[in-house]
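Q: Input: one structure, supplied below.
Coordinate-derived values only; no laboratory data. Since the structure is predicted, the reported quantities are computational estimates derived from the model, not experimental observations. Please note: Cβ atoms are built from the backbone with ideal geometry, for glycine as well, and neighbour counts cover all protein chains shown.
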Amino acid sequence: MRGPALRIRRPVRTNRPGWPSIRSNETTDPAVPPFSYFLIGLGIGLVTSAPAGPVNLAAIQRTFRFGFPGGFVTGLGAVVADSFYATLAAFGVTAVSDFIELHSGIIQTAGGILVILFGVKVITSHPHIEPNGGETRSRALRNLFTGTFMTLTNPGVVLGFLAIFGSLGKWAPDRGDFATASEIVLGVATGAVVWWAFLCAIVARLRDRMTDEWLEWINRTAGALLIAFGIGIFIHLLWQTEF
């Protein structure tokens, strides 16, 4: 027969000097696996970059015309804006996000005008396929600015980041936890870069089969869609004003 089971008393949490401070299993937080927050940011960067929009169209059009560098630099402009908005959301900088939300009408108007003008320019241009490496420094800077400004003038991006970070629950960085917030922002930027590299690499492979006639049709289609996006922004603004 087994003897009586020994009952081991756990040390009681107390403030007396010399006594160990032991937390119960119910209150102990599970260990966070390494790079978890980076992977969370990586996923956020991918899902926020992948949906079709003006910057995606611009990057595709630039890749068809100038090769991988032309489209990728345009995508990097979006990465700059995404990283900025992700920083606001991760670090809880509400002053800037409140300003953007308060003046969203003006910002969307500027963005809509830019998208329409860019679409008109794309439609009216008569491009030809440039050899790989035809991306000059000045053109690269213009493409970078285009991607950045198109993304910055979309208030939905910052509101989307705020909504995503707000839904993280216990995985959201605590206020003042700069290390975790920085890890998430780094993940967001990395995920966005991965998306743009993937998209532009796929388009660049198709580019070898293109002719100038095909490129002109692509330009017309991309330009028309960009103008449609711009008009959609103004329709959305009118809808918000009426209702």
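Q: If you stretched the chain out fully between ALA228 and VAL47, how much longer would it get, using 0.36 nm times the residue separation minus the C-alpha to C-alpha distance?
A: Gain on extension, ALA228 to VAL47, equals 62.9 nm.
Q: Once you have the Cα-Cα distance between ILE113 and ILE235, take 0.36 nm times their residue separation minus that, and quote the gain in nm to one decimal.
A: Here the answer is 42.7 nm.
Q: What spacing in nm lies between the two simple spin-label points modelled at ARG137 and TRP171, each 7 Å away from Cα in the Cβ direction?
A: Output for this residue pair reads 4.3 nm.
Q: If packing is taken as the average number of other Cβ atoms within 10 Å across a peptide's residues, how do 66-73, 216-223, 163-170 rank, most packed first?
A: Descending packing order for the listed peptides: 66-73, 216-223, 163-170.
Q: Something else about it: Rounded to whole Hz and in sequence order, give me ³J(HN,Hα) for the stretch 222-238 from the Karplus expression 6.51 cos²θ - 1.76 cosθ + 1.60, θ = phi - 60°, writing x for Gly and Pro.
A: 5, x, 5, 5, 5, 4, 4, 4, x, 4, x, 4, 5, 4, 4, 5, 4
Q: Hey, rough spin-label estimate for GLU216 and ILE202, points 7 angstrom out along Cα→Cβ, what's it come to in nanometres?
A: Placing both labels 7 Å beyond Cα along the Cβ direction yields 2.8 nm.
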